[in-house]
Structures are given as structure tokens and as C-alpha cells.
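Heads up, the thing below is written out as C-alpha cells.
Each reported figure results from applying straightforward, stated rules to the coordinates on display, with no laboratory input. Model, not experiment: these values are computed from the prediction. Cβ placement follows ideal geometry from the backbone for every residue including glycine, while neighbour counts extend to all protein chains displayed.
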Amino acid sequence: MEIHFLGAAQTVTGSQHLISVNGSRVLLECGLFQGKRRESFERNRNLPFDAKSIDALILSHAHIDHSGNIPNLVRNGFRGVIYSTFATRDLCSAMLRDSAHIQEQDTAYANKKRSRKGLPPAEPIYTYDDAIASLEYFVSVGYGRSVPVAPGVQCTFLDAGHILGSALAFLEIEEPGQGKTRLLFSGDLGRKDMPILRDPAPAPEADILIIESTYGDRVHEPHEKAEQRLCRLIDETCNDGGKVIIPAFSVGRTQEIVYSLHRLANAGQLPDVPVFVDSPLAVNVTEVFRLHPECYDEEVRAFMNHGRHLDPFGFERLRYIRSVEASKELNELQGPAVIISASGMCEAGRVQHHLKHTITDPRNVVLIVSWQAPHTLGRRLIERQPTVKIFGEEFPVRARVEAINGYSAHADRNGLLGWAEPIARGLQHTFVVHGDPEPAAALADGLGRLGARNVAVPERGAVFRVVD
Ligand SMILES: [Zn+2]
């Protein structure tokens, strides 16, 4: 058996690992690399293998940095099976189409520039039709069921507790004359005690572990504190007649914030202000959330069973906004309100319009609830830069900018180590991926202290051969 580390190696983006065994090739993840525009385009377009040679793809969850290059894989001739949970498949239906739309828009924009330079037009990495075509290749599997994915390879998904449908992939691999090797892939590991989702499943004993390390060197604020701060900020801001703008990813973060607000409203703690979710993707994704109660934790199930509160993602004062007209009307809205809108890092989408209309008024608050990549508008806001550019125009930042990190969907250092500890001493090889070099190295060090042997932080292109 060989494992090729092809993406999310010493970085958090573009997840992709290839397992070659018994003459088959099984891909773990097929994510989009997100970084500087030109580099991303080239890297995502040119797959580091022949797509036709891949027999199966195992997908841990629907986030674009794990799933976003699937349409390109199919466009390039992949005809195997994509294994995922049911919720992951349904989220991919919404997200891959959205991603295709962005690819097409970006290419149209780039082509305007190219035509001015007399260059021929470029093609998008994939189109909307490619995204739809790729949905034909999914085969969904529930948690805890072992399925054959290639000769001698069985795969079982276990709940990763990270986003709806997220899974750990546990592979049992039999090679003739070599015995059995158990490989555990963490995908993205979630946190304990988070709203909506169950806690990550305990790690089954394994010989090889591939583990993420996004927050391998950091500890998060507890979630209950985050919810109380959210409530206080809304209360203060709305009392002053201001608005709270929350840039949020359409998948996961938006639904968590909505559910928090719903609980606070039920408890009589949320001030009586209108709440809007303004993102067409978030509206679609919330529909997928509603379709998958099998992924909810006990608390949400009890919440749904409790009298009239049937929908965790809807309450009286909440309105979901799909149309452009209704979104524009929000700009004219007088008085306090909470507006949740995408994109999460403020780089695109409707949140930019809301920021443009609110950022110069000191009564308003911009509330950042997720990690912000360097050089994004969200990062500049969190750094409290005095002015920011929105749609090419400079605006003074007079609104207050606040950050709550207690909503992170990733396990922190303690969560990662606590999850791996029970199996650490039995591990023959551990590969730390999906983290920048510092957190990856810090987690590798921690795992070594727990007794894991041969802990490595592979670089992109590294190949590991299992020899008995
Ligand atoms: Zn993720």
C-alpha cells in the first residue's frame, strides 16, 4: 500500500490524499485549493493524477476545501464511485453548484481582462453542468455501516461532529500475504458540546492515523460563553439603535447562529429585533439541514419534540432572504436588526453590501464568528484597520468590530489530543495534515508525547509505503 499526500499538506486547504492498494486507487477527498488566485487556478485545474485511473473517492464532508474539485475530477474522466454520508451528498448538491457558479463568474471576469490584452478566453475549471453531472457518481452510506470501496478495502463512516454529515473514515485494508491494516482518517474533527451536532465518535483502534491539525496549537473559548457574548452584544447594540452584521459561512456557522438566537429568543433573552439570514446558499443549505434530523444531537431532537418549537432553524422574528430585491430593501431598513450574511470572510456575496451600508456608523457592530484568512476583508476588519476597501471604494471603519471564536467547528488542541489519546499507543504511523506548519508541528509533538510512533508532517507530494 502507498499513501500519496497531494493536498492539505502543511496547509489547511485543498485536501487530497491518494491510497494505492491491490491495484486500485482510492482517493480521500478532492478539495479545492484556496489561496492566491493564479496559483489556485493552476493547481485546481491540473489534477496531480489521471482522473480516469481513480476507482473510488471517499469524501469526509461537504466543505469546499474537501469536496470542491469533484466536478473537475468527473470532467477529467473519473467514472468510479464517490462514497459519502447522505447529508454530505445533499450538501454537495447545493455547494458544488454554487462553487461552479463562482468558477464561471471568476472566469468571465478574467476573460474581460484577457480580451483587452488580446489573449484567447480561458475556460472555467468546471461549469454548472459539470457540477450537476458529478452528482450522479455519489453513493451514500449511513454512519456505522461497513462497505467495500475497492478490492480488499472496507470503509466505515463514523460521526466527526464537524458539520452536518461530516465523517471520520475508518478503512480496513487486506493485502494478500500482508494481513490487515486499519487506517483512520479524521477528515475535519469537530468539537464536543456544540449545538446541533453530536460529539465526534470515539476513535477506533488503528495502525495508521491521518489527522487534521487546524488548531493544533490553540485552545478555543467554550461555546456557552460565546452564546452569552452574542446575546449581550445584540442587546447593547440594539439598545443604541444599531445593527449587528454577522458575516457567516452558509454551511454550519449560519445554522448554528440561528439556532443560538432561537434558543435565546425562547429563553426571553434576545431583544425584540428582526433577524435576517441574507444568503441564497444559506437558504438552500438550511433546507438540507432540515432534511437530516438523523444527524442531530439529543438536545436538538428534544427541542424539536417540545411543543410548538418544531423547527430549530426558524422562529417568528427570523426571515430568510433569497431575492436580490428583498436583500436590497434591507439597506433601507431603519432601526435595530441582526443581519447574518455570506461570505464568511467578507470577500464576496451580499455581506459586502451590508458592510458598505453600516460600517461608517458607530452605533453598528460587525461581529466576526469565524477564522479569517490573511488578506481578506474580514481579516482587515478584525485587525481594526482604520479604513477598508469595499467594491473598490475606501470606507472609514466607524462601526465596532467584535470577534467571537467560540463557534469554531474544529476541535482545538485539547480536543484533537483528547480524541487521539485512547488509541495513540497502538498507532504504528501517524500523519498530521490539514494545518499550517506551526499548529501541525505542535500537534505532532503532542501526539508523540501520547505514545504515537513515527509521527510525521508530510509535505505535498510525499509518498508513504507501508511495508510489513
Ligand atoms: Zn471542514
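Rg and Dmax of region 71-178, based on Cα coordinates, read 18.4, 62 Å. Would you mind calculating the gained length between Arg317 and Ala348 on full extension (0.36 nm times residue separation, minus the Cα-Cα distance), in nm to one decimal? Once the chain is fully extended between Arg317 and Ala348, it gains 8.5 nm.
Entry for region 281-358 at q = 0.23 Å⁻¹: log10 I(q)/I(0) = -1.12, Debye formula applied to identical alpha-carbon scatterers, no solvent contribution.
One Cα centroid belongs to region 146-177, the other to region 304-356; the line between them spans 38 Å.
Dividing the C-alpha radius of gyration of region 156-208 by 2.2 N^0.38 Å, with N its residue count, gives 1.31. Projecting the Cα atoms of Ile125, Pro71, Tyr296 onto the charge dipole of the chain, computed from C-beta unit charges around the Cα centre, puts Ile125 farthest toward the positive end. Based on the reciprocal of the average 1/r between different C-alpha atoms, the Kirkwood radius for region 194-271 equals 15.4 Å. Looking at region 1-73, the DSSP beta bridges with both ends there are about 75 percent antiparallel.
Taking only alpha carbon atoms, region 361-420 gives an Rg to Rh ratio of 1.13, where Rh is the Kirkwood radius. Residue ranges 254-263, 199-208, 65-74, 175-184 sort as 65-74, 254-263, 199-208, 175-184 when ordered by packing (mean number of other C-beta atoms within 10 Å per residue, highest first). Label-to-label distance, Gln269 versus Glu299, with points set 7 angstrom from Cα along the beta-carbon direction: 1.1 nm.
Positive end of the dipole of the chain (Cβ unit charges, origin at the Cα centre): among Leu264, Asn454, Pro386, the Cα lying farthest that way belongs to Pro386. Near Phe276, the amide H atoms lying under 5 Å from its own belong to Arg319, Val338, Ile339, Ile340; only residues 5 or more places off or on other chains count, and H is placed 1.01 Å from N. Each residue of the chain gets 140 Å³ once the volume of the Cα convex hull is shared out per residue.
Would you mind putting 311-324, 161-174, 108-121, 26-39 in packing order, based on average other-beta-carbon counts within 10 Å, highest first? All intermediate terms of the calculation are to be shown ahead of the outcome.
On the way: 311-324: 15.9, 161-174: 24.6, 108-121: 10.5, 26-39: 19.9.
Order by mean packing, descending: 161-174, 26-39, 311-324, 108-121.
Across region 177-191, rounded Karplus estimates of 3J(HN,Hα) from the backbone phi angles (6.51 cos²θ - 1.76 cosθ + 1.60, θ = phi - 60°) give x, 10, x, 9, 10, 9, 10, 10, 10, 6, x, 9, 8, x, 10 Hz, Gly and Pro being marked x.
Across region 297-438, Cα-Cα distances exceeding 19 Å account for 66% of all pairs.
Region 406-458 gives an Rg/Rh value of 0.96, both radii derived from C-alpha positions and Rh following Kirkwood. Here is the tail figure for region 244-286: Cα pairs spaced more than 15 Å apart come to 42 percent of all pairs. Is the shape of region 93-152 best called rounded, prolate or oblate, per the rule: a/c under 1.5 gives rounded, else a/b larger than b/c gives prolate, else oblate, with a ≥ b ≥ c the square roots of the Cα gyration tensor eigenvalues? It comes out prolate by the Cα gyration axes.
Loop-located GluC sites (Glu not before Pro) in region 382-468 (DSSP state not H, G, I, E or B) with no more than 16 neighbouring Cβ atoms inside 10 Å: Glu383, Glu459.
Site pair Asp199 and Ser115 shows an inter-label distance of 5.8 nm when each label is modelled 7 Å from Cα along Cα→Cβ.
Model label sites at Gln385 and Asp129, defined 7 Å from Cα along the beta-carbon direction, differ in position by 4.0 nm.
Check each of the trypsin sites (Lys or Arg not before Pro) in region 366-416 and keep only those in coil by DSSP with at most 14 other C-beta atoms within 10 angstrom; list them in order.
On the way: sites: Arg379, Arg380, Arg384, Lys389, Arg398, Arg400, Arg413; in loops: Arg384, Arg398.
The qualifying sites are Arg384, Arg398.
Qualifying trypsin sites (Lys or Arg not before Pro) in region 432-468, where qualification requires a DSSP coil assignment and no more than 14 other C-beta atoms within 10 Å, comprise Arg453.
Restricting to bridges with both residues inside the chain, how much of the DSSP beta-bridge set is antiparallel, in percent to the nearest 5? Could you put the intermediate results ahead of the total?
Details: 36 of 74 bridges.
The antiparallel proportion sits near 50 percent.
Compared with the direct C-alpha span, the chain from Glu393 to Gln228 gains 55.9 nm at full extension, assuming 0.36 nm per residue.
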